[in-house]
Every structure is written in C-alpha cells, then in structure tokens.
Amino acid sequence: MTGAQFCPVGRLDKLLFATDRSPYSEGALQETLNFAGLCSSRLYAVSVVETNPEYETTGANFLEKEELEAMKYLNSIKEKAAQKGIVVKQFCIQVWTRQQQLLMRQEKKT
C-alpha cells in the first residue's frame with residue numbers, strides 16, 4: 001500500500017506550505033510534512049519577502065539579504081522533506097507593502 005491510500009482527504013497530489021519564517025512556522029512545517037507524507041503529496045513551499053521602491057533602490061542590499069535568508073529557510077525545508085521522501089519545489093516571492101499598493105491604486109484612479 002502506498003501512503004496515498006492512508007490520506008484522510010482522499011487524493012491530494014499537491015500541498016502548499018506558506019511561511020513567514022517565524023518560530024511558529026516550525027510546528028506548522030512538521031504537520032505539513034507529516035500530512036504530505038501520509039498523502040504522498042508534492043510540497044510547494046513559499047516565502048514572501050515584502051518590498052517597496054526604496055528597498056529596490058537605496059536598500060537593495062537589505063532586500064538581497066532578505067531574499068537570501070528566505071531561500072536559505074526554503075532550502076532547509078527541502079532538506080527536511082527529502083529525509084521523509086517528499087518532493088519539494090520552493091519559491092521566494094517579492095511583494096510590495098500594502099501601503100505602496102494602495103498608493104499605486106490611487107495614482108491610477110487620478
């Protein structure tokens with residue numbers, strides 16, 4: 001029998017784990033890995049790096065550091081998953097701050 005036959009929700013090919021890299025994420029990660037193992041799921045790990053125009057120009061070093069830390073964390077997830085035979089694809093996504101998004105919307109309206 002495969003692990004998928006014990007999956008409590010039937011067939012679950014893909015599972016998304018979104019993390020903020022906080023200490024609380026570790027417990028969520030362990031549960032996600034257990035669930036992915038039970039269901040023979042492919043795991044997609046995502047971490048978001050918040051940015052804004054200042055980071056992209058004057059704070060480029062800070063943004064680069066944040067991206068490197070996010071990828072380091074995502075790689076550690078990949079290693080933990082590999083020990084359990086779980087395939088992981090990881091993504092680091094940049095998003096602008098909420099305030100910046102609102103300002104951009106207001107500028108488009110005027």
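What follows draws every value from the coordinates through simple rules; no lab data is involved. Being a predicted model, the structure only gives us computed values, none of them experimental. All Cβ positions, even for glycine, are placed from backbone atoms using ideal geometry, and neighbour counts span all protein chains on display.
You can think of it this way: the chain between residue 76 and residue 16 has 20.0 nm of extra reach, that is 0.36 nm per residue less the Cα-Cα gap.
For region 31-49, the residues whose backbone nitrogen is under 16 Å from a point 7 Å from the Cα of residue 91, taken along Cα to Cβ, are 42-49.
Computed packing ranks the peptides 66-75, 83-92 as 66-75, 83-92, most packed first, by mean other Cβ atoms within 10 Å. Near the amide H of residue 18, within less than 5 Å, lie the amide hydrogens of 46, all on another chain or at least 5 residues away, with H placed in the peptide plane. Packing, as the average of other Cβ atoms within 10 Å across residues, places the peptides 12-21, 28-37 in the order 28-37, 12-21, highest first.
Phi-derived couplings, Karplus 6.51 cos²θ - 1.76 cosθ + 1.60 at θ = phi - 60°, listed residue by residue for region 22-34: 7, x, 6, 5, 4, x, 5, 5, 4, 5, 5, 5, 4 Hz, with x used for Gly and Pro.
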